Amino acid sequence: MRTTIVAGNWKMHGTLPEVQRLAKQLIDVIPAQESSPQIVICPPFLYLMMLRELFGDRASFHLGAQNCYTEPSGAYTGEIAAPMLASVGVEYVIIGHSERRQYFGESAEMLARKVDAALHAGIKPIFCCGEPLQVRQRGEQNAYVQQQLQESLFHLSAGQLQQVVIAYEPIWAIGTGVNATAQQAQDMHAFIRAVLAEHYGQQLAASITILYGGSVKASNAAELFACADVDGGLVGGASLKAEEFAQIIRACKLKSS
Ligand code: PGA
């Protein structure tokens with residue numbers, strides 16, 4: 001059985017009091033011993049340690065970072081290294097979000113090195129892929145996503161790939177309120193799994209968690225999560241509202257049970 005995950009990507013949102021308030025609300029609405037789906041909270045770096053304290057030993061909450069650097073340490077002003085994240089209890093790191101690719105010029109080659117850096121530090125990468133609108137309109141989304149996987153993941157050994165979570169996030173669905181339909185999500189997730197199977201074998205491909213991201217909301221989560229190859233979600237905007245995020249988690253729970 002694959003691990004189901006609902007991850008909240010808080011992006012660059014929230015001052016300290018706002019983040020404290022949101023975290024406390026989450027603690028109130030999410031049962032402490034939830035085991036499935038795994039809940040991964042990805043706040044801005046500077047709140048990670050505070051959240052670890054606030055969440056305490058609640059088994060429900062896992063911490064994720066939104067990025068890490070390629071090198072384990074050194075003179076790289078302003079960057080955060082994967083071993084630093086591991087040392088404060090971070091278990092996941094989002095790598096290759098389309099906003100990082102687009103606004104910070106992160107290349108496929110750099111993302112491959114970030115994936116390596118995370119794995120070396122014992123952190124699971126949540127590797128994002130997904131096509132822009134023009135590519136979808138031309139019907140070339142499969143080739144586009146296949147290339148993203150090829151360039152940044154397929155240098156990994158089977159054992160390493162096993163540690164990776166993939167998030168399919170069509171760029172036209174991120175922050176737009178327009179989600180992929182359940183059929184579009186299922187088709188792409190099945191395609192990603194087929195590509196993984198081609199390179200790593202059926203068994204390994206069947207064990208990889210593939211999340212859908214892009215305007216996941218309480219109103220569409222159940223339908224998206226009902227798809228056979230959708231193993232949960234990477235949630236942006238709706239993860240900033242505790243009650244709505246809890247509803248999304250409950251929708252995923254239906255799948256896990
Ligand atoms: P969204 O963002 O849910 O606000 O569309 C998803 C993401 O960027 O991970």
Quick check on my filter: what residues within the stretch 173-200 are farther than 10 Å from D229 by Cβ, surrounded by fewer than 21 Cβ atoms within 10 Å (Cβ to Cβ) and either away from the ligand (no atom under 16 Å from the Cβ) or in contact (Cβ under 8 Å) with a residue 12 or more places away in the chain (or both)? G175, T176, G177, V178, A182, Q183, Q184, V195, A197, E198, H199, Y200
Only one of (1) away from the ligand (no atom under 14 Å from the Cβ); (2) among the aliphatic types (A, V, I, L, M); (3) touching a residue at least 40 places away in the same chain (Cβ under 8 Å) is not met by A205, so which one is it? (3)
So, restricting to helices (runs of 4 or more DSSP H) that lie completely within the stretch 32-150, which ones have at least 1 residues that are within 17 Å of the chain's Cα centre (by Cα)? 48-55, 82-87, 98-103, 108-120
If you check A59, A82, A32, which single one turns out to be surrounded by fewer than 22 Cβ atoms within 10 Å (Cβ to Cβ) and closer than 23 Å to L211 by Cβ? A59
In this structure, does S239 turn out to be modelled with pLDDT of 95 or more, within 9 Å of the ligand (Cβ to nearest atom) and among the hydroxyl-bearing types (S, T, Y)? yes
Which condition number does S87 fail, the rest of (1) more than 16 Å from the ligand (Cβ to nearest atom); (2) among the polar types (S, T, N, Q); (3) in contact with a strand residue (DSSP E or B) (Cβ under 7 Å, 6 or more places away or on another chain) being met? (3)
List the residue pairs whose Cβ atoms are under 6 Å apart, where the first residue sits in the stretch 52-78 and is aliphatic (A, V, I, L, M), the second is surrounded by 15 or more Cβ atoms within 10 Å (Cβ to Cβ) and part of a loop (DSSP other than H, G, I, E, B), and the two are 6 or more positions apart or on different chains. L63/V90; A65/V90
Pick from the stretch 226-248, criterion closer than 17 Å to S35 by Cα and in contact with a Gly (Cβ under 9 Å, 6 or more places away or on another chain), ranking: surrounded by the fewest Cβ atoms within 10 Å (Cβ to Cβ): F245
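The values are calculated or read from the model by the stated rules, or taken from the named source; none is laboratory data. All of these numbers come straight from a predicted model, not from anything done at the bench. We place every Cβ from the backbone using ideal geometry, glycine too, and count neighbours over all the protein chains shown.
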